[in-house]
Amino acid sequence: MTSIYDGNGKNIPCTIIEAGPCIVTQLRTKEHDGYEAIQMAFEDQKEKHTTRAMKGHFAKAGVTPKKVIAEFTRFEADHQKVFGDILRVDIFTEGEFIDVVGTSKGKGFQGVVKRHHFHGVGEATHGQHNRLRAPGSVGASSWPSRVFPGIRMAGRMGGKKVKVINLQVVKIILEKNLVLVKGAVPGANNSYVIIERYL
Amino acid sequence: MNRAETIKYVEDTYIEKRVFPVFKAGDTITVHYKIKEGTKERIQNFQGVVLQRSGKGINQTFTVRKISGNIGVERIFPASSPFIDKIDVNKKGVVRRARIFYLRKLRGKKARIREERV
């Protein structure tokens with residue numbers, strides 16, 4: 001992340017996203033695949049790291065091997081995208097709001113206070129000495145004699161798909177295919193995200 | 001472009017480089033700060049001792065402390081802010097550390113800072 005100053009001199013925290021060029025590599029159709037979608041690929045990959053099957057797939061679309069492939073449904077209704085069409089950041093406008101989907105940073109095995117925002121005991125007095133962040137009761141006793149599914153407990157946290165909605169596009173840098181988004185996006189540095197926009 | 005290069009490119013291109021006189025913790029400076037009130041713009045001065053310079057690059061900030069009516073007032077300025085009109089260095093102080101937070105506890109004669117001899 002970084003920050004830039006807007007026209008009023010306000011300091012805006014920004015995340016820089018390299019968005020494109022994305023190349024259309026396949027069109028999913030109702031007749032053939034049962035659903036409508038556009039498959040897009042981003043960022044070059046070395047040929048030796050590409051499987052033979054994927055090489056064939058990219059050759060069909062007439063592009064060099066790519067690293068990331070994603071499918072987009074609910075694309076603009078009147079789209080006329082074909083193989084090899086290139087999408088750049090000029091599809092965004094400054095000031096509009098977008099959603100960003102990414103994989104959140106893995107936090108490992110975490111307790112309920114961090115993972116589910118339990119409040120813990122709160123104080124170390126009233127007979128407490130080692131249960132400050134304990135989850136407390138997970139249910140009743142003889143009935144039902146079991147713990148109901150879905151009770152929030154400690155466990156693996158993070159590393160999941162997260163969507164942050166309504167992030168403002170602060171700036172678009174056409175020549176480098178960069179989008180500056182106000183605020184943070186899910187995931188570690190250099191990870192891949194999907195930008196969505198609903199019309 | 002890798003991550004560092006990308007960030008550097010954005011910062012270099014879209015953030016105006018501000019050049020101010022050199023100052024460090026212990027110096028007394030006056031910050032001429034632009035304030036927007038509706039459509040009008042005026043300049044407010046904030047004079048005090050620099051407690052620290054923090055961060056680097058465009059994220060650098062500095063803290064200025066002054067005593068206003070027996071109450072200590074501190075203000076943190078972003079060093080690359082376009083609102084800073086100019087900075088005057090009034091006094092060069094001699095202090096031994098880069099961050100002089102001990103000054104907050106001192107009052108009166110003890111809160112003096114030795115001036116640098118030129």
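The values are calculated or read from the model by the stated rules, or taken from the named source; none is laboratory data. Just so it is clear, the structure is predicted and the values come from calculations on it, not from any experiment. Here the Cβ is made from the backbone with ideal geometry for all residues, glycine too, and neighbour counts use every protein chain on show. To get the accessible areas, we keep the full protein, side chains included, count just its heavy atoms, and leave off ligands, DNA and RNA. Shrake-Rupley method; radii C 1.70, N 1.55, O 1.52, S 1.80 Å.
Select from region B:4-30 the residues that are polar (S, T, N, Q) and under 11 Å from the mean Cα position of the chain (by Cα) and list them in ascending order. B:THR28, B:THR30, listed by residue number. No other residue among A:GLY84, A:GLY95, A:GLY62, A:GLY127 is free of Cβ contacts under 8 Å to residues at least 40 places away in the same chain, open to solvent by less than 100 Å² (accessible area, probe 1.4 Å) and within 28 Å of A:GLU18 (Cβ to Cβ) apart from A:GLY62. Taking first residues from region A:159-188 that are within 14 Å of another protein chain (Cβ to nearest Cβ) and partners that are crowded, with 18+ Cβ neighbours inside 10 Å and basic (Lys, Arg), the Cβ contacts under 6 Å between residues at least 6 apart in sequence or on separate chains come to A:VAL170/A:LYS182; A:LEU180/A:LYS171.
Of the candidates B:ARG42, B:ARG104, the single residue that is over 26 Å from A:LYS10 (Cα atoms) and either without any contact (Cβ under 8 Å) to a residue 60 or more places away in the chain or within 14 Å of chain A (Cβ to nearest Cβ) (or both) is B:ARG104. For B:SER81, only one of the following conditions fails: (1) open to solvent by less than 50 Å² (accessible area, probe 1.4 Å); (2) under 30 Å from B:ARG117 (Cβ atoms). What is its number? Result: B:SER81 fails condition (2) only.
Taking the conditions exactly as written (more than 26 Å from A:VAL185 (Cβ to Cβ) and either charged (D, E, K, R) or open to solvent by 70 Å² or more (accessible area, probe 1.4 Å) (or both)), does A:LYS67 satisfy them or not? No: the conditions fail for A:LYS67. Per the listing A:THR15, A:THR50, A:THR29, A:THR2, the residue uniquely open to solvent by 30 Å² or more (accessible area, probe 1.4 Å) and of a type in the set (S, T, N, Q) is A:THR29.
Yes or no, residue by residue, for (1) within 27 Å of A:LEU180 (Cβ to Cβ); (2) in a loop (DSSP other than H, G, I, E, B):
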| residue | (1), (2) |
| --- | --- |
| A:MET54 | no, no |
| A:ALA59 | no, no |
| A:ALA70 | yes, no |
| A:ILE98 | yes, no |
| A:GLY106 | yes, yes |
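Exactly one residue out of B:VAL95, B:VAL10 is within 14 Å of chain A (Cβ to nearest Cβ) and open to solvent by less than 80 Å² (accessible area, probe 1.4 Å), and it is B:VAL10. Among the residues of region B:26-59 satisfying the criterion of being out of contact with any helix residue (DSSP H, G or I) (no Cβ under 9 Å at 6 or more places or on another chain) and part of a loop (DSSP other than H, G, I, E, B), which is surrounded by the most Cβ atoms within 10 Å (Cβ to Cβ)? Going through the qualifying residues, I end up with B:ASP27.
Evaluation of A:PRO149 against the conditions (1) within 14 Å of chain B (Cβ to nearest Cβ); (2) of a type outside the set (Gly, Ala, Ser); (3) open to solvent by 100 Å² or more (accessible area, probe 1.4 Å) shows that the sole unmet condition is (1). The set of residues from region B:57-84 being farther than 15 Å from B:ASN45 by Cβ, within 14 Å of another protein chain (Cβ to nearest Cβ) and aliphatic (A, V, I, L, M) comprises B:ILE58, B:ILE76, B:ALA79. Among the residues of region B:1-39, the ones that are touching a residue at least 24 places away in the same chain (Cβ under 8 Å) and among the small types (Gly, Ala, Ser) come to 2 in all.
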